[in-house]
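Reading through the structure tokens given below for one structure.
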Ligand code: F6P
């Protein structure tokens, strides 16, 4: 189905999956770009659940005033179990038809886009995705909305941990989010001068890590920080801590799991700008007849990429950065 500007009268927005700072800035940009083109906008609540429950609000220019700086999502979010079922998706489609929604814009991550792609195939309703996840694990955009803010949050938290680690002469094992991707761990590790970084994309050689710690110990480093992504193959921060404690029972060691604080907070300037650009670009892409794609920003250029490619987890991490981290952590 290809739209001309005249045919696209009303669109829906959802925020879905894990929330990410900048989602509100994005809802604002979509709403105001659409209104500017005389397109009505509604926001469905709690991701795909809002479609199934017909739970929505009309979005006017004023409804999105004063939200650009807010973390979380005013539309709320969910990882919808019901949308995984055919009945759930049928109900969602009925409600979209009932409300005369011509197309949908979904802000979220890989789970959101997988659902969108199935839905398009079943019901031929145009959907465009916007990458909103702190994980940055989507191919087809240099950065996802929320990643920059989460990175800054982690850096600020780890700097604070460094203060106390160095006062006590302790080794800290800090776990950050990232089930399948180590983007947060890698970048924040470089930015905080971590002694070691463990990410899901590479195998963790525990003996190599233990010898590195032993060498650091001999150098009488005043503190050490190991940054571990939650999806690291050794099993996360507590598992690494067990192995270290077993080999070096005398080490003064602590574990800190940063958890969901990484998902909150006011979006950084970078995330607000990215969210604004991608929000506007998603509406323009819909008007252009695009569907079944995610919008992105690659090398400062606005692009679209099929959902199927975006969600395959083939966004490469920067191996040079990992090497750099090792060199700098001597
Ligand atoms: O996808 C974003 C993310 O924050 C991941 O980094 C993390 O593994 C997951 O969500 C946690 O999800 P939940 O909040 O549902 O526990």
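Under the 0.36 nm per residue contour assumption, what length would be gained going from the current alpha-carbon distance of residue 35 and residue 214 to full extension?
My answer for the length gained is 58.3 nm.
Starting from the coordinates of the alpha-carbon atoms of the chain, obtain the Kirkwood hydrodynamic radius over all distinct pairs and give the value in Å to one decimal.
Result for the chain stands at 20.8 Å.
Pick from 13, 173, 39: which is most flexible by mean-square fluctuation in a GNM of the chain where alpha carbon atoms under 10 Å apart are linked?
39
If you take the square roots of the eigenvalues of the alpha-carbon gyration tensor of segment 147-264 and sort them as a ≥ b ≥ c, do you get rounded (a/c under 1.5), prolate (a/b over b/c) or oblate?
Oblate, since a/c reaches 1.5 and b/c is not below a/b.
Quick one: if you stick a label point 7 Å off each Cα along the C-beta vector at residue 247 and residue 10, how many nm between them?
Simple spin-label model gives 6.3 nm for this pair.
Which shape class, rounded, prolate or oblate, goes with segment 1-148 when its Cα gyration tensor gives a ≥ b ≥ c as root eigenvalues, a/c under 1.5 marks rounded, and past that a/b bigger than b/c marks prolate?
Judged from the Cα gyration tensor, segment 1-148 comes out rounded (a/c under 1.5).
Quick one: which of 87-99, 282-294 comes out on top by average Cβ neighbours within 10 Å, and what's the full order, highest first?
282-294, 87-99
Share of antiparallel DSSP beta bridges in the chain, in percent to the nearest 5?
Restricted to the chain, the bridges split so that about 25 percent are antiparallel.
Give me the extension gain from residue 327 to residue 302: residue separation times 0.36 nm, minus the current Cα-Cα distance, reported in nm with one decimal.
5.5 nm
Can you tell me which of 17-30, 106-119, 296-309 comes out highest on packing, and rank the rest after it, using the mean Cβ neighbours within 10 Å?
Going by the mean number of other Cβ atoms within 10 Å, highest first, we get 17-30, 106-119, 296-309.
If you take the beta carbon distance between residue 318 and residue 98 as r and set R0 to 51 Å, what does 1/(1 + (r/R0)^6) give as a FRET efficiency, to the nearest 0.05?
0.60
Roughly how tilted is helix 206-218, in degrees to the nearest 10 and between 0 and 90, from the longest Cα axis of the chain?
So the inclination is approximately 50 degrees.
What number, in percent, do you get for the relative contact order of the chain if the mean sequence gap of Cα pairs under 8 Å and at least 6 apart is divided by its residue count?
Taking the mean separation of contacting Cα pairs over the length of the chain, I get 25 percent.
Could you tell me whether segment 38-93 comes out rounded, prolate or oblate from its Cα gyration tensor? Rule is a ≥ b ≥ c as square roots of the eigenvalues, rounded for a/c under 1.5, then prolate if a/b exceeds b/c, otherwise oblate.
Oblate shape, in that a/c is at least 1.5 and b/c is the bigger or equal ratio.
Quick note: the coordinates plus some simple rules give every number you see, no bench work behind them. Keep in mind that this is a model prediction, so the values were computed, not measured. Cβ coordinates were reconstructed from backbone atoms using ideal geometry, including for glycine residues, and neighbour counts include every protein chain displayed.
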